[in-house]
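Written out below as structure tokens is the structure these notes cover.
The values are calculated or read from the model by the stated rules, or taken from the named source; none is laboratory data. Every value quoted in this text rests on a predicted model; they were computed, and no experiment measured them. Don't worry about glycine lacking a Cβ; one is built from the backbone with ideal geometry, like all the others, and counts go over all protein chains shown. Heavy atoms of the whole protein, side chains included, go into the accessibility calculation; ligands, DNA and RNA do not. Shrake-Rupley method; radii C 1.70, N 1.55, O 1.52, S 1.80 Å.
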Amino acid sequence: MNKQWEYPYPEIDPDICKGCKLCVAACPKNVLVISSKLNSKGFHYSEYVGEGCIGCGNCFYVCPEPSAVTVYLRNYVEGEVS
Amino acid sequence: MAQKTVLRKPKGFMDVYKHKPGTEKDRTHYCPGCGHGILHKLIAEALEDFAVIDKTILISPVGCSVFAYYYFDTGNFQAAHGRAPAVGTAVSRANPDSIVISYQGDGDLAAIGGNNILQAANRGENMVVFFVNNAIYGMTGGQMAPTTLEGQKTTTTPYGRNPLSDGYPMQMCELLNQLTAPVYITRTSLHDMANIRKTRQAVRKAIRYASEKKGFSFVEVLSMCPSGWKMDAVRAQQWIKEKMIPRFPLMVLRDNAENTGPIERPVPVLDPEEVKKVLGYDTFETTGFKKRPGTMFRKVALRVAGFGGQGIMSTGIALANVGMKYGYNVSWLPSYGPEMRGGTANCSVKIQEDSIGAAECTEPNMVIAMNQPSLEKFEKLLVPDGILIYNSTLIDVEPSRKDIRVCPVPITGIADELGDTRVQSMVSVGAFAAVTGMFDPEEIKSLMPTLFAGKSEKVRKLNEEAVQKGYDHVKRNF
């Protein structure tokens with residue numbers, strides 16, 4: 001099933017995130033927040049508020065954890081290899 | 001390259017960090033907010049985008065990034081502390097088509113590995129060095145590093161770094177910029193998004209230069225160490241901006257790649273036949289003379305000693321070469337001071353039927369002493385009944401031991417009569433041949449073209465004469 005995303009959005013793995021807050025500080029639209037919940041490692045992880053992402057990629061590039069942040073850009077088609 | 005539609009973990013990383021021990025094979029070991037992860041990601045992304053993952057070899061250092069080989073899906077080495085550029089040199093020379101990345105921290109690169117990086121840069125090795133500068137030893141618990149700022153408090157500088165006792169922060173980019181060979185030297189930072197993107201460009205440029213074999217690239221990255229600096233990651237970024245950048249200004253110090261072609265290094269000679277030819281041994285047969293029956297020795301352990309310049313070493317080499325020609329096992333071991341002429345010198349020579357263990361003659365059965373101090377020193381070492389040949393021109397004191405056989409030969413005098421004191425060594429060789437009966441003087445003379453390869457006919461003739469004189473003197477008098 002191919003699915004075209006109308007809006008870009010970030011996906012943050014709550015279990016991998018170490019809660020360093022770099023992405024929250026780097027987001028130009030302030031659409032990332034630190035969750036009140038804890039993950040299995042005991043970190044307050046970062047999460048997307050659900051709308052407002054412009055797909056700038058800042059959170060991806062500032063995140064020190066290779067697999068914590070994935071950003072789907074506007075023209076992403078699921079199943080496609082970038 | 002097509003426009004990216006998704007930003008996800010680059011293929012330069014392993015899917016699962018299978019070499020990492022423990023259960024957390026899906027995440028790095030770095031502290032929250034560590035700059036290493038960011039730079040790792042930029043490198044892995046560039047390797048994927050340029051499709052060079054399979055030809056990249058990454059050298060991990062000692063430091064927090066010691067485990068970089070858990071994460072990168074490239075060829076990996078882990079080098080001893082500070083030695084990544086040396087290991088990288090070997091990897092690059094052995095695999096000239098590979099992309100070699102040396103990933104180092106400030107303690108590793110600027111302290112213990114300071115000379116390694118200078119020499120590798122000076123040779124212009126085809127590699128990329130990523131230098132993560134966080135002004136502290138992170139892994140070991142926040143001690144002062146060479147790049148620690150003036151006044152910065154660390155566990156080993158609790159009152160702040162004082163330049164009068166601890167020196168000043170070392171600016172490695174500026175240091176390397178004094179060298180001729182590097183093609184690309186730059187300093188970037190991870191303190192905000194604009195600079196992370198600049199770092200990304202620098203990383204990509206350096207890796208591209210390496211794939212084009214442009215030579216040595218050095219990318220210094222100012223990076224945060226929230227744990228070592230005892231602050232949160234966002235505050236650490238501010239700290240880079242406020243404290244580090246004034247001391248470590250961000251700039252491209254050099255970018256010469258456009259004027260530099262691909263580096264083609266000379267291919268080393270590794271063929272044994274070729275090496276023999278270079279040393280002049282390609283025409284030298286190691287056997288050929290028949291051993292002479294009835295020689296006194298099955299085993300010669302000889303010490304030749306005297307002033308440097310008296311032909312001590314050449315006597316030893318000549319005897320070993322002649323012995324080899326007779327089919328004996330031989331060894332020659334020189335020992336001399338730092339000065340080439342005028343100091344004391346001696347050498348050990350072994351010529352024997354059996355195979356040789358140690359090359360040094362600690363208990364010689366024969367000594368050739370060219371001067372008084374050598375006589376005193378080596379006479380003592382002789383085994384009982386051993387033979388002492390000494391240079392009676394320069395030594396006028398009788399040897400003190402009575403349990404040895406002595407054979408005074410005016411070696412310097414004979415050489416002087418021939419018109420050149422430099423032929424002393426061949427007089428000694430002649431005397432040795434006469435005393436031991438192992439070598440025939442005519443056969444020694446036939447080796448002159450090898451022993452004096454590249455010398456004139458006159459020199460060879462003179463040396464042949466010297467051998468004969470030494471031989472005759474011993475035969476006549478003893």
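Numerical summary
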| quantity | calculated |
| --- | --- |
| Whole-Å semi-axes of the ellipsoid equivalent to region B:238-375 (Cα gyration tensor, √5λ, descending) | 53, 25, 14 |
| Unit charges on C-beta of K, R, D, E only; dipole of the protein assembly as shown, Debye | 620 debye |
| Cα point-scatterer Debye curve for region B:272-477, base-10 log of I(q)/I(0) at q = 0.08, 0.12 Å⁻¹ | -0.24, -0.57 |
| Compactness relative to 2.2 N^0.38 Å, alpha carbon Rg of region B:414-466 | 1.08 |
| Range of Cα positions in region B:246-311 per principal axis (Å), largest first | 83, 33, 22 |
| Share of carbon and sulfur in the accessible heavy-atom surface of the protein assembly as shown [1.4 Å probe, %] | 53 percent |
| Alpha carbon Rg of the protein assembly as shown, scaled by the compact-globule rule 2.2 N^0.38 Å | 1.46 |
| Average beta carbon contacts from partner chains per residue of A:23-32, 10 Å cutoff | 2 |
| Rel. contact order, % - alpha carbon contacts under 8 angstrom, at least six apart, region B:272-477 | 19 percent |
| Euclidean distance of C-alpha centroids, region B:382-420 and region B:109-181, integer Å | 60 Å |
| Peptide-level mean, for B:12-24, of C-beta atoms on other protein chains within 10 Å | 1 |
| Sequence-distant lysines (8 or more away, or on other chains) whose Cα lies within less than 24 Å of B:Lys11 | A:Lys3, A:Lys18, B:Lys20, B:Lys25, B:Lys41, B:Lys55, B:Lys198, B:Lys205, B:Lys213 |
| Descending principal axes extents, region B:35-259, alpha-carbon based, whole Å | 49, 32, 31 |
| Semi-axis lengths, Å, chain B, gyration tensor of Cα atoms, sqrt of 5 times eigenvalues | 66, 25, 20 |
| Value of relative contact order over region B:27-114, rounded to a whole percent, pairs C-alpha under 8 Å and six or more apart | 30 percent |
| Amide hydrogen neighbours beyond the local backbone of B:Met127, cut-off 5 Å, H modeled | B:Gly215, B:Phe216, B:Ser217 |
| Solvent-free Debye scattering, log10 I(q)/I(0), computed from the Cα coordinates of region A:9-72 at q = 0.20 Å⁻¹ | -0.66 |
| Region B:386-398 - phi-based ³J(HN,Hα) in whole Hz, Karplus 6.51/-1.76/1.60, Gly and Pro as x | x, 10, 10, 9, 10, 7, 6, 5, 9, 10, 10, 9, 5 |
| Chain B, relative contact order in percent, only Cα pairs under 8 angstrom and at least six apart counted | 9 percent |
| Packing rank of B:197-205, A:14-22, B:262-270, where each peptide gets the mean count of other beta carbons within 10 Å, highest leading | A:14-22, B:197-205, B:262-270 |
| Orientation-averaged projected area, Cα convex hull of region B:175-312 (nm²) | 19.3 nm² |
| Interface A:B - total buried accessible surface [probe 1.4 Å, Å², rounded to 100] | 2900 Å² |
| Lysines whose Cα lies under 16 Å from that of B:Lys290, excluding same-chain neighbours fewer than 8 positions away | B:Lys325, B:Lys445 |
| In nm, spacing of pseudo-spin labels at B:Thr287 and B:Asp440 (7 Å Cα→C-beta vector) | 1.8 nm |
| Net charge contributed by nearby residues that have their C-beta within less than 15 Å of B:Asn477 (K/R +1, D/E -1) | +3 |
| Descending semi-axes in whole angstrom, ellipsoid equivalent of region B:1-110, from the Cα gyration tensor | 22, 19, 13 |
| Crossing angle, helix B:193-211 versus chain B [Cα axis fit, 0-90 degrees, rounded to tens] | 40 degrees |
| Calculated [θ] (222 nm, deg cm²/dmol) that DSSP helices of n ≥ 4 give over the protein assembly as shown, each run adding -39,500 (n - 2.57) | -8500 deg cm²/dmol |
| Euclidean distance of C-alpha centroids, region B:32-95 and region B:7-23, integer Å | 14 Å |
| Cleavage-rule hits, trypsin sites (Lys or Arg not before Pro), region B:22-86, DSSP coil, Cβ neighbours within 10 Å at most 16 | B:Lys25 |
| Debye equation applied to the C-alpha atoms of region B:87-170, log10 I(q)/I(0) at 0.16, 0.21, 0.24 Å⁻¹ | -0.65, -0.90, -1.06 |
| Inter-chain shielding of B:26-34 (mean C-beta neighbours from other protein chains, 10 Å cut-off) | 6 |
| B:Leu118-B:Glu24 FRET efficiency (beta carbon distance; Förster radius 35 Å; 0.05 resolution) | 0.35 |
| Region B:95-180: trypsin sites (Lys or Arg not before Pro) falling in loop per DSSP and having at most 13 other Cβ within 10 Å | none |
| Residue-normalised accessible area of region B:35-259, expressed per residue, 1.4 Å probe, Å² | 36 Å² |
